[in-house]
Structure formats: C-alpha cells, structure tokens
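All remarks here apply to the structure that follows.
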Amino acid sequence: MSLLRVGTTYIPVSDVTKASIWYVENLKAELSYKDEKKAILNLANQSFFLVKTSGQQTANFTDEDGQELFSLTFEVDGLEELKLLHETFQRQGVRVGEIENRGHAGNNFVFYDLDRNKFDVWSELSPEFKEKYQIT
C-alpha cells in the first residue's frame, strides 16, 4: 500500500466568494462548486477547497528561525515560464516576492492570495510529471 497523489488541499479564506473570484481570475482555476462555506476549485491537477474560517487564519507556518513559510509549492516548466508568471502576477496586482536562487536546481518566488496565504512557485517540473504528461 502506498499514497499515490495529493487529491485535495484545503485553504482557509475569510470570504468564499471574493476568494474564489480571485483564484479564478489570477490563477486560472476552474470553479466546480461554491456555497457560503466553501468553494471547490480545480487547479494544477488537484482540487482546492477554499473553506470559510472565523477570524484571520492562513495555511502559513513559522519555522524555528521565525521565518514565515508556505505549505505548498506550484511548479512551472522552466525559468522563462517562471519569469512570465511572475510578470503576469505583478501586472494583475498579486502580491509577489522576488525571483530567488535558493541554492538548488531552478528558481522560485512566493505569492500571496487575498487572505495572506503564502504559496511558492518553482521553475522545475518533477521528472515523473514530465514523463506522465509527455512534456519535453
């Protein structure tokens, strides 16, 4: 027995309607269901549930050095795609960090949604994903 994939990620939001519009417009997510308490989005070969929370909560966490970290990294196919996405997000008014070299293969940048959930983007697709979807 083994875990084969991550099927769903849950993201806390303060306003389901505003958040779902933001994800559809900025991340090109596909909205498949929405009510007052949750929205279900299809994005990056996964389901994302935007769940209404009380108070300000995020999916972020703080490491032992006091750095706020993201819980999720998206992948794009190469450095040029990373730069293009970074520029697109900036034009759309999405809060983004600088493109960084973190000392491993590829480059990254972070971005935030309306509720300050922090996400990472990496310029490298996993070899298994490339093989499965025949990306060269």
- Message: Under 5 Å between amide hydrogens, which residues at least 5 positions from F74 or on another chain qualify, with H placed 1.01 Å from N in the peptide plane?
- Response: D120, V121, W122
- Query: Cross-link partners among lysines for K52, C-alpha distance below 20 Å, same-chain residues fewer than 8 apart left out?
  - Reply: K18, K34, K37, K38, K118
- Query: What are the GluC sites (Glu not before Pro) within the range 87-129 that DSSP puts in a loop, where the Cβ has at most 14 other Cβ atoms within 10 Å?
  - Reply: E98
- Item | Spatial separation of Cα centroids for the range 107-134 and the range 64-81, in angstrom | 7
- Note on the structure: Residue by residue through the range 92-101, the couplings from Karplus 6.51 cos²θ - 1.76 cosθ + 1.60 with θ = phi - 60°, in Hz, x for Gly and Pro, are 7, x, 6, 6, 10, x, 6, 5, 10, 9
- Dipole magnitude (debye, nearest 20) for the chain, charges at Cβ of Lys, Arg, Asp, Glu: 520
- Under the 7 Å Cα-to-Cβ spin-label approximation, E25 and Q90 lie apart by a distance in nanometres of 2.1
- Item | Backbone HN-Hα couplings from phi across the range 21-26 [Karplus 6.51/-1.76/1.60, Hz, Gly and Pro as x] | 4, 4, 5, 5, 6, 8
- Message: Need one number: the % of Cα-Cα pairs in the chain sitting beyond the 26 Å mark.
- Response: 26
- Query: Long-range amide H contacts for K34: which residues qualify at under 5 Å (H placed 1.01 Å from N, peptide plane, sequence gap of 5 or more or a different chain)?
  - Reply: I40
- Expected vector for the range 38-54, Karplus 3J(HN,Hα) from phi with 6.51, -1.76, 1.60 and θ = phi - 60°, integer Hz, x for Gly and Pro, equals 7, 10, 10, 10, 9, 7, 6, 6, 8, 9, 10, 9, 8, 10, 5, 10, 9
- Electrostatic dipole magnitude of the range 67-136 [Cβ: Lys, Arg +1; Asp, Glu -1; Cα centre; debye, to 20]: 140
- Item | Selection of trypsin sites (Lys or Arg not before Pro), the range 1-73, meeting DSSP coil and at most 16 other Cβ within 10 Å | R5, K28, K37
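Taken together, the values in this text are just the output of simple stated rules run on the coordinates, not laboratory data. Keep in mind the model is a prediction, meaning the values are calculated, not measured. All Cβ positions, glycine included, derive from the backbone under ideal geometry; neighbour counts span all protein chains shown.
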